[in-house]
Amino acid sequence: MVRIVLFLSAVLVAVLYAGQSRGAGTKGPMFRDGGNPHNLSITNTGVNFKATNAADPRANQVCIFCHTPHNARAQTPLWNRADTTQTFGHYSSASLSIHKDATARSASDYLSEPNGSSRLCLSCHDGVTALGAILRSGFDTSAIEVNGSDLTVMSGTHVFDRTKVTNSHHPVSFKYTTDVVARLNTLEGPGNSYTLPMDSTSNARGFIKLDRDQRVQCTTCHEPHQSQYKDTINNPPLTPFWVYDGSGLGTVSPNTVHDEVCLACHNFVSPNP
């Protein structure tokens, strides 16, 4: 009985944690938000992918598709998914300073493959790994049925493959430090400057987060549990799972909320180089 109580307590903590958001724009826990695409539970509504086997008790859970309180992978946060098997590379445009400049590349430690939270995101967003392919639920390691099959994978515009990551995606998994900022500002010249989020004047600076290694990751701009600003104008949204809610802005719109996050690191003249 003690073990059961402890297990249920751990699950409850995980669920509550997953439902929390940063900032003043919190719109409620993820498991109460109809239409939240990261909620794959059978009870969700208005989403393209969700559990469909009502006889499977796991289908009613929210956190299980990404998290487990016990025997998780040796990564935070209690990760319940295997690593993606795909090779992605990194964004390598000839105009990207941290790629073409040896000093910037060394200071930023620009990795050849996404790591950290960005790689965790790709364990669903690779379009290859089954969405219900969890590592374990107690003693059950079988995949959870999603959209009528335990082999269902993500499809559509939110899938990231090597072409997308290397050609049309913001760089991730690089260190963004004072040394990197200084080098980028030297390379860019007058008019186009960089700053650390904490040193910027952007209203979004308190929402932006680097990881523990000071790397820019997907979670720098995106909140995986609950979007702080819900773009109801654009389809697809301009601000998907956005970290910033628009607080402090004179005019709050998808454009201004989106750009304010960018301005926490970038200050470019128009048009951007």
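The values are calculated or read from the model by the stated rules, or taken from the named source; none is laboratory data. As the structure is a prediction and not an experimental result, all values here were calculated from the model. Neighbour counts are summed over all protein chains in view; Cβ atoms, including those assigned to glycine, are modelled from backbone coordinates with ideal geometry.
Computed values, structure above
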{"item": "Within segment 219-249, tally of residues that are buried (at least 23 other Cβ atoms within 10 Å of the Cβ) and either in contact with a Cys (Cβ under 9 Å, 6 or more places away or on another chain) or among the polar types (S, T, N, Q) (or both)", "result": "8"}
{"item": "Search result, residues across segment 253-265 that are surrounded by fewer than 17 Cβ atoms within 10 Å (Cβ to Cβ) and touching a residue at least 12 places away in the same chain (Cβ under 8 Å)", "result": "SER253, ASN255"}
{"item": "Meets criteria (modelled with pLDDT under 95 and not charged (D, E, K, R)) for LEU196", "result": "no"}
{"item": "Count of segment 154-181 residues which are among the β-branched types (Val, Ile, Thr) and touching a residue at least 40 places away in the same chain (Cβ under 8 Å)", "result": "6"}
{"item": "In segment 35-80, the residues that are at pLDDT 95 or above and of a type in the set (Lys, Arg)", "result": "LYS50, ARG58"}
{"item": "Given (1) in contact with a Cys (Cβ under 7 Å, 6 or more places away or on another chain); (2) of a type in the set (A, V, I, L, M, F, W, C); (3) more than 26 Å from CYS265 (Cβ to Cβ), number of the condition VAL128 does not satisfy", "result": "(1)"}
{"item": "Within segment 106-151, tally of residues that are farther than 30 Å from ARG215 by Cα and among the acidic types (Asp, Glu)", "result": "3"}
